[in-house]
Each structure stands twice: as C-alpha cells, then as structure tokens.
Amino acid sequence: MTTETLVRRSANPARKADAKQQGLGLGARMRRHWQLYAMLAIPLVWLAIFAYWPMYGVVIAFKDYNVVDGILGSRWVGLKHFERFVESYQFWRLIRNTVVLHVYELVATFPLPIILALGLNMVRRRWYSRSVQLITYAPHFISTVVVVGLIVVLVDPNTGVANQLLGLFGLGPVDLLSNPGSFRHLYVWSGAWQTMGFSAIIYLAALTSVSPELHEAAIVDGASRLRRIWHVDLPAIRPVAVILLILNIGSILSVGFEKVLLMQNSLNLEASEVIDTYVYKLGFASQVPQFSYATAIGLFRSVVGLVLLVLANTFARKFAKSSLW
C-alpha cells in the first residue's frame, strides 16, 4: 500500500465530516455548537443595546425636539436644521478646521508606525528591539487628560521646559497653547508620540508573515537592507496599510474630541473649534441645549464620512488591489 493511498484514506473521514456539517441546517448547527453561539450572544446583545438602539434617536435631527413632547411627539421640520447649519457663518470654519487638523494628523503620523515597524524588524538584537518597542508603545496607555496636562506643563509661559529652551536663544516667553498657529502642531505631534509605538504593533504582526527565505534569496542576489525593505517587507504590509488608510479617510470629519476640547481655550478657538466640540457645546454646554440642531450636525458629519469611506474603498480596490470589502 503506497503512502498516497494512506493519505487519501485518512483524508476521506475528514471530508465526509465536512460535507455532513455543510448539509446541516442553521438550527442543527446551533444546537450542536450552542456553546459558541452562547459566547457570541453577549457581544451581539451589547452591540444591539449600545450601538444600534440609540440610532433611533437620530430622528430628532428632522424634528424640533423638546423634552416634554418626546421624540415621537415633537414637530417634524424635515431638513430645516441641515439647511441652518450649511447656511451658518460657522459652517466653513468648522469644516476647514476639522479637515485641516485631520489631514495634517494623517500625513504626519500615518507613515511613522510603518517606519518604526520596519526599523524594529531589521534590528538583529532582540533585546534592543523589545526595549524600544516597550518604550514607544507605553505612552498609548496614558490617558488623554494626563497627556494634555503634560502639554500644559511643558509649554507654560513661565515655568515650561519649552520656553526655558527658547530663553537660551534669547526668545520667548511664548504662550504656545493660546496661539492658534501652534495649536495644530501641539495636537498632532503629541498624538504621534502617544500612538506611534502601539500602532506599529499591527505592522510588526504583518511582517511576521514574511518568509525568511525571501530575505535570504535577496541577500544572495546582493540586495541591500533598503532594497529588501522596499521589495520584500513593504509589499507584505501594504494590504494592512491600505485598510488603515481607508478607515482614517472615512473619519476625516471626526478628530479626537476629548483632546481638542481639553486643549481648547478662548484664544485658540480660531483653529481649535471643530465639528465635534461644536456639537458638544450646542447639545450639552449651552444654556439652552439645541438637541435637534446638534444631532443634525452630527448626522451630517457621519453621512459625509460614510461617503468618503465608500469612495476610498472603491479607489483602493481599483488601484491598490486591496480593500475593506
């Protein structure tokens, strides 16, 4: 009896089991594997209660909502609040601030985790690689409030380290946090410091799928380290990078609400007032909350983000041969 015959006979029971499993209906499969479906039920219930059920409240964007009449009893006004937002003097300023801040953050911070992951992957000393990785992803676990507190202390006009360094060159003191021109730089580069290391973990995981034989073949052919990164490593992480880029483009009208709000003050509003903070102030921080108007602005932002997500996914599927769906 040949080895091939033995392999075929051992594979037949597995194939029969797979065929039998495929022939079962959904109810039979659920009864057979009820433990797995029971585990799945918990996150599905959480998703339904906290993610999908609240979407019912979006209907107040098309009504003049008041607490007394409730959602169903409030008067229907159609697209009144959307038209009000588009025609308001705040519209283009909010769109500009939000888009500029997000695009600046995307351009400045998106390549950094890729560069860090490629560099760590090429390091031969494992202890050094792990030490750098630990140091760089540790800031991810610092809360946003603490990060903003550190920024305030560092750029303080009187005692901040930044102004002390400027004083060595005969400059300052400069109130960087109250300057609209420096607000975006502080926001973006502090975010890069906080998220770069943790984001690199995704690319490091993708690089583990690269076969060492490809690098060995490239070395035999005389390829330098840069050539190996360009022709071996980058193609391996390209699908992951494209998916993350698509998700970032889809959230172009949504920035870090908490961090912007904590860094915001009356002097830097010209650059720091974005859609998220404006919606928060209308809906919760104003003396007369405008729930319908705030919901309409939030819905407008979500619809634009969905359209951009679909367009980015279409272009990525056509040109990069990789997409979300």
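The values are calculated or read from the model by the stated rules, or taken from the named source; none is laboratory data. Quick caveat: nothing in here was measured; it's all calculated off a predicted structure. Cβ sites come from the backbone with ideal geometry, for glycine too, and all protein chains shown count toward neighbours. These area figures cover heavy atoms from the full protein model, side chains too; ligands, DNA and RNA do not enter into them. Shrake-Rupley method; radii C 1.70, N 1.55, O 1.52, S 1.80 Å.
Which of the following residues is out of contact with any strand residue (DSSP E or B) (no Cβ under 6 Å at 6 or more places or on another chain), closer than 14 Å to I297 by Cβ and in contact (Cβ under 8 Å) with a residue 60 or more places away in the chain: A117, A61? Explain how you work it out, then say what you get.
Details: A117 fails: closer than 14 Å to I297 by Cβ.
Of A117, A61, the one residue that is out of contact with any strand residue (DSSP E or B) (no Cβ under 6 Å at 6 or more places or on another chain), closer than 14 Å to I297 by Cβ and in contact (Cβ under 8 Å) with a residue 60 or more places away in the chain is A61.
Working carefully through the options L171, L150, find the one that is more than 20 Å from Y104 (Cβ to Cβ) and assigned to a helix (DSSP H, G or I).
On inspection, the qualifying residue turns out to be L150.
Those residues that are of a type outside the set (A, V, I, L, M, F, W, C) and open to solvent by 60 Å² or more (accessible area, probe 1.4 Å), I need them from region 201-216; list them, please.
Correct list: T208, S209, P212, E213, E216.
Taking the options F257, F315, F291, name whichever one is in contact (Cβ under 8 Å) with a residue 40 or more places away in the chain and assigned by TED's automatic domain parsing to the domain that holds N97. Show your work before the answer.
Numbers: F257 fails: in contact (Cβ under 8 Å) with a residue 40 or more places away in the chain; F315 fails: in contact (Cβ under 8 Å) with a residue 40 or more places away in the chain.
Matching residue, one of F257, F315, F291: F291.
Take residues that are buried (at least 18 other Cβ atoms within 10 Å of the Cβ) and tell me which of the helices (runs of 4 or more DSSP H) falling wholly in region 217-266 contain 2 or more.
234-250, 257-263
If a residue must be of a type in the set (A, V, I, L, M, F, W, C) and surrounded by 19 or more Cβ atoms within 10 Å (Cβ to Cβ), how many such residues does region 110-142 contain? Before the answer, list the steps.
Of region 110-142, the ones of a type in the set (A, V, I, L, M, F, W, C) are 110, 112, 114-118, 120, 122-123, 127, 132, 134-135, 138, 141-142.
This time we only want the ones that are surrounded by 19 or more Cβ atoms within 10 Å (Cβ to Cβ), so: 114, 116-118, 120.
Residues flagged as of a type in the set (A, V, I, L, M, F, W, C) and surrounded by 19 or more Cβ atoms within 10 Å (Cβ to Cβ) within region 110-142 amount to 5.
Hey, A316 hits all of (1) assigned to a helix (DSSP H, G or I); (2) open to solvent by 40 Å² or more (accessible area, probe 1.4 Å); (3) more than 16 Å from I95 (Cβ to Cβ); (4) at pLDDT below 85 but one; which does it fall short on?
(2)
Can you name every one of the helices (runs of 4 or more DSSP H) wholly within region 1-109 that holds 1 or more residues which are under 20 Å from Y280 (Cβ atoms), at pLDDT 90 or above and open to solvent by 100 Å² or more (accessible area, probe 1.4 Å)? If you could, list the steps in order and put the result at the bottom.
Values: elements: 3-23, 26-32, 34-47, 70-73, 80-87, 91-109.
The qualifying helices (runs of 4 or more DSSP H) are 80-87, 91-109.
Going through region 110-138 one residue at a time, which ones are within 21 Å of the chain's Cα centre (by Cα) and in a loop (DSSP other than H, G, I, E, B)?
Result: F110, single match.
Restricting to region 143-173, give me the number of residues that are among the β-branched types (V, I, T) and surrounded by fewer than 16 Cβ atoms within 10 Å (Cβ to Cβ).
Number satisfying all stated conditions: 6.
Restricting attention to region 267-298, which residues are among the polar types (S, T, N, Q), in a loop (DSSP other than H, G, I, E, B) and open to solvent by less than 10 Å² (accessible area, probe 1.4 Å)?
N268
Does E213 qualify as being touching a helix residue (DSSP H, G or I) at 6+ places or on another chain (Cβ under 7 Å), in a helix (DSSP H, G or I) and farther than 29 Å from F315 by Cβ?
Judged against the criteria, E213 is not a match.
To keep it simple, each residue is scored yes or no on (1) among the aromatic types (F, W, Y); (2) on the phi < 0 side of the Ramachandran plot; (3) out of contact with any Gly (no Cβ under 8 Å at 6 or more places or on another chain); (4) in contact (Cβ under 8 Å) with a residue 24 or more places away in the chain.
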residue: V161; (1), (2), (3), (4): no, yes, yes, no
residue: G170; (1), (2), (3), (4): no, no, yes, no
residue: P173; (1), (2), (3), (4): no, yes, no, no
residue: H185; (1), (2), (3), (4): no, yes, yes, no
residue: W189; (1), (2), (3), (4): yes, yes, yes, yes
residue: M196; (1), (2), (3), (4): no, yes, yes, yes
residue: I201; (1), (2), (3), (4): no, yes, yes, yes
